[in-house]
Amino acid sequence: MAKTVVALPLPSQHLGTTRTITFHRYGKPGARPKAYIQAGLHADEIPGMLTAHYLIARLDDADRQGAIRGEIIVIPTANPIGLDQYLGGRLFGRSSLEQGQNFNRGFADLVETVASRLEARLGSDLAANVALIRTALLDGLAGLHPSNDLQELRRTLLGMAIDSDFVFDLHCDFESLMHMYTSDKLWPEAMDLAAQLGCRVVMLAGDSGGNPFDEACSMPWWKLRAHFGDRFPIRNACLSATIELRGKSDVDDGLAASDADNLFRFLQRRGLITGHPGPVPPLRCAATPLAGVDRLIAPVPGILAYRREVGDLVHAGDVIAEIVDPTAEDPRTARTTLSTRTTGILWSRNQTKMAVAGESVPAIAGAKPLDDRKWSLLVD
């Protein structure tokens, strides 16, 4: 057996407090390929944590059988800061209440830091360049000096992941289909992952903005390739994705076990675990640009009355929801309609049925970019 379980302490910002990140490592450190899988970076998104629980059990069995061929790191709860943010009995795990920042934004962009260090070291050997870049990225992270516990959490997680061949960040949405975000630079390479997971929507972007975790791991490779041009061969050496395991309420043993099985089969197919994963399932959707998502913004507050369900194919002009003002003097004028501008799959909608003016409520994945959108690619 080659498994180790480590409780990694985080430096404390506050007197009398202690936090740790527990990770499960399989295989020999430095073995290739390397996969890194984390759940709970948004600490109030629970489905990934249960999926990680099942995946760890499957990896334990594989480890006992000597079937691990690469290195695999699994972190079932990646955010001890967020897990401690209870107010009035409710867990607020998406953003740091102290720093006011989204836990899945602001990860280090190390390209400028490492590019100058690599200038005189890269050469014509593709494999050697990959190894040099991975070392430079780790060295760049080691040179950071976090000033608070949130920055230290980001540096620690990125330090375990940034030299990986595969990085999967497990999240969920509100009411949602199984879906996935990845880079257009990694498609169609990631097609078998989306197919194995049964994704109903896959959204692509080169740089979605805000430096989320998965892009901090994969984006240095094509940024460095663009920086150096044709002088040195540099490949995309990290396939990363944010995997959205449906909605927040989809915390279910059967779903989690199936999702863990699919991640396990993907790792088998990519050479990290011995065994036969079986054929790749049919892909259930075409990939669409993240810039093609139509996020319907509530112009007024009120009760959300949806006219279409998650998973529906909708068409431009369709009414997706109505916002009802129960205080209106005349009920006949109490409704404001929300219509989509695009044709595509309604893949997500707000779990809370009370809309706040200016809030994004349903979202539709369209095939064509919306040039006049008034929101960033990622909702903070």
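The values are calculated or read from the model by the stated rules, or taken from the named source; none is laboratory data. A quick note: this is a predicted structure, and the numbers were derived from the prediction, not measured. Neighbour counts run over all protein chains shown; Cβ positions are idealised from the backbone, glycine included. The accessibility values were calculated without ligands, DNA or RNA, using every heavy atom of the protein model including side chains. Shrake-Rupley method; radii C 1.70, N 1.55, O 1.52, S 1.80 Å.
Got at least one residue in the stretch 178-186 being touching a Phe, Trp or Tyr at 6+ places or on another chain (Cβ under 7 Å) and of a type in the set (Ser, Thr, Tyr)? Walk me through it before giving the result.
As a first pass, look at the stretch 178-186 and keep what is touching a Phe, Trp or Tyr at 6+ places or on another chain (Cβ under 7 Å): 179, 185.
When the remaining residues are screened for being of a type in the set (Ser, Thr, Tyr), the result is none.
No, the stretch 178-186 has no match at all.
What do you reckon, is GLU309 among the acidic types (Asp, Glu), touching a Lys or Arg at 6+ places or on another chain (Cβ under 6 Å) and closer than 26 Å to ARG200 by Cα?
On the way: among the acidic types (Asp, Glu): yes; touching a Lys or Arg at 6+ places or on another chain (Cβ under 6 Å): no; closer than 26 Å to ARG200 by Cα: yes.
No: the conditions fail for GLU309.
Just need a number here: residues in the stretch 183-210 that are of a type in the set (Gly, Ala, Ser) and either on the phi > 0 side of the Ramachandran plot or open to solvent by 40 Å² or more (accessible area, probe 1.4 Å) (or both).
Of the stretch 183-210, the ones of a type in the set (Gly, Ala, Ser) are 183, 190, 194-195, 198, 205-206, 208-210.
Cutting the leftovers down to either on the phi > 0 side of the Ramachandran plot or open to solvent by 40 Å² or more (accessible area, probe 1.4 Å) (or both) gives us 198, 209-210.
Residues in the stretch 183-210 being of a type in the set (Gly, Ala, Ser) and either on the phi > 0 side of the Ramachandran plot or open to solvent by 40 Å² or more (accessible area, probe 1.4 Å) (or both): 3 in total.
Any residue in the stretch 2-29 that's under 22 Å from GLN99 (Cα atoms) and of a type outside the set (D, E, K, R): show its pairings with residues that are in a strand (DSSP E or B) and open to solvent by 80 Å² or more (accessible area, probe 1.4 Å) at Cβ separation under 9 Å, as long as the two are six or more apart or on different chains.
Taking only residues 6 or more apart or on different chains, the pairs are THR18/PRO9; THR20/PRO9; ILE21/PRO9.
Can you name the residue in the stretch 216-246 that is more than 22 Å from ASP259 (Cα to Cα) and open to solvent by 40 Å² or more (accessible area, probe 1.4 Å) and is also nearest to the chain's Cα centre (by Cα) among such residues? Can you show your working first?
Just the residues of the stretch 216-246 that are more than 22 Å from ASP259 (Cα to Cα), to begin with: 216-237.
Of the ones still in play, those that are also open to solvent by 40 Å² or more (accessible area, probe 1.4 Å) are 223, 225-227, 230-231, 233, 235.
Working: LYS223: 20, ARG225: 23, ALA226: 24, HIS227: 26, ASP230: 31, ARG231: 32, PRO233: 28, ARG235: 22 Å.
The selected residue is LYS223.
Go through (1) under 17 Å from TYR36 (Cα atoms); (2) open to solvent by 10 Å² or more (accessible area, probe 1.4 Å); (3) touching a residue at least 24 places away in the same chain (Cβ under 8 Å) one by one and return the number of the condition PHE213 breaks.
Status for PHE213: all satisfied but (2).
May I ask you to list pairs of residues, at least six apart or on different chains, whose Cβ atoms are under 9 Å apart, with the first in the stretch 83-94 being of a type in the set (A, V, I, L, M) and the second being open to solvent by 80 Å² or more (accessible area, probe 1.4 Å)?
What qualifies is LEU87/LEU97.
Among the residues of the stretch 278-316 satisfying the criterion of being without any contact (Cβ under 8 Å) to a residue 24 or more places away in the chain and closer than 30 Å to GLY66 by Cα, which is surrounded by the most Cβ atoms within 10 Å (Cβ to Cβ)?
Within the stretch 278-316, the subset without any contact (Cβ under 8 Å) to a residue 24 or more places away in the chain is 278-279, 307.
Add one more test, that the residue is closer than 30 Å to GLY66 by Cα, and what stays is 278-279.
Values: GLY278: 10, PRO279: 8.
The qualifying residue surrounded by the most Cβ atoms within 10 Å (Cβ to Cβ) is GLY278.
Can you work out which of the residues in the stretch 85-112 that are acidic (Asp, Glu) and over 21 Å from the mean Cα position of the chain (by Cα) is most open to solvent (accessible area, probe 1.4 Å)?
Residues of the stretch 85-112 acidic (Asp, Glu): 98, 109, 112.
Narrowing further to those that are over 21 Å from the mean Cα position of the chain (by Cα): 98, 112.
Values: GLU98: 102, GLU112: 167 Å².
By that ranking, first place goes to GLU112.
Considering only residues that are crowded, with 18+ Cβ neighbours inside 10 Å and out of contact with any helix residue (DSSP H, G or I) (no Cβ under 6 Å at 6 or more places or on another chain), look in the stretch 11-24 and name the one that is nearest to ASP165 (Cα to Cα). Break it down stepwise before answering.
Applying the first criterion (crowded, with 18+ Cβ neighbours inside 10 Å) to the stretch 11-24 yields 19, 21, 23-24.
Filter once more, keeping what is out of contact with any helix residue (DSSP H, G or I) (no Cβ under 6 Å at 6 or more places or on another chain): 19, 21, 23.
Working: ARG19: 28, ILE21: 22, PHE23: 18 Å.
Result: PHE23.
Filter the stretch 241-275 down to residues that are among the charged types (D, E, K, R) and assigned to a strand (DSSP E or B) and give me whichever is farthest from SER218 (Cα to Cα). So that I can check it myself, show each step before the final result.
First, pick out the residues of the stretch 241-275 that are among the charged types (D, E, K, R): 244, 246, 248, 250, 252-253, 259, 261, 265, 269-270.
Keeping just the survivors that are assigned to a strand (DSSP E or B) gives 244, 246.
Values: GLU244: 18, ARG246: 23 Å.
Top of the filtered list is ARG246.
Any idea which residue in the stretch 27-44 is farthest from ALA78 (Cα to Cα), counting only those that are assigned to a loop (DSSP other than H, G, I, E, B) and open to solvent by less than 20 Å² (accessible area, probe 1.4 Å)?
Of all residues in the stretch 27-44, those assigned to a loop (DSSP other than H, G, I, E, B) come to 27-33, 40-44.
Then keep just the ones that are open to solvent by less than 20 Å² (accessible area, probe 1.4 Å); that gives 27, 40-43.
Numbers: GLY27: 20, GLY40: 5, LEU41: 5, HIS42: 8, ALA43: 8 Å.
Ranking the qualifying residues of the stretch 27-44, first place goes to GLY27.
Right, GLY66: of a type in the set (Gly, Ala, Ser), open to solvent by less than 10 Å² (accessible area, probe 1.4 Å) and out of contact with any strand residue (DSSP E or B) (no Cβ under 7 Å at 6 or more places or on another chain) or not?
Values: of a type in the set (Gly, Ala, Ser): yes; open to solvent by less than 10 Å² (accessible area, probe 1.4 Å): no; out of contact with any strand residue (DSSP E or B) (no Cβ under 7 Å at 6 or more places or on another chain): yes.
Criteria not met by GLY66.
If you go through the stretch 338-354 one residue at a time, how many are open to solvent by 50 Å² or more (accessible area, probe 1.4 Å), of a type in the set (Lys, Arg) and at pLDDT 95 or above? Reasoning before the result, please.
First pass over the stretch 338-354, keeping only residues open to solvent by 50 Å² or more (accessible area, probe 1.4 Å): 339, 341, 343, 351-354.
Restricting the remaining residues to those that are of a type in the set (Lys, Arg) gives 341, 353.
Right, trim to at pLDDT 95 or above and you get 341.
The total comes to 1.
Give me a count of the residues in the stretch 113-142 that are closer than 23 Å to LYS34 by Cα and open to solvent by 20 Å² or more (accessible area, probe 1.4 Å).
To start, the set of residues in the stretch 113-142 that are closer than 23 Å to LYS34 by Cα comprises 114, 118, 122, 125-142.
Keeping just the survivors that are open to solvent by 20 Å² or more (accessible area, probe 1.4 Å) gives 125-128, 131-132, 134-135, 138-139, 142.
The total comes to 11.
For LEU263, are the conditions met, namely being open to solvent by less than 10 Å² (accessible area, probe 1.4 Å) and either over 28 Å from LEU313 (Cα atoms) or at pLDDT below 95 (or both)? Give the steps one after another, and end with the answer.
Working: open to solvent by less than 10 Å² (accessible area, probe 1.4 Å): yes; either over 28 Å from LEU313 (Cα atoms) or at pLDDT below 95 (or both): no.
Judged against the criteria, LEU263 is not a match.
Between residues in the stretch 317-337 that are open to solvent by 40 Å² or more (accessible area, probe 1.4 Å) and residues that are among the acidic types (Asp, Glu), which pairs lie under 6 Å by C-beta distance while being six or more apart or on different chains?
ARG335/GLU322; THR337/GLU322
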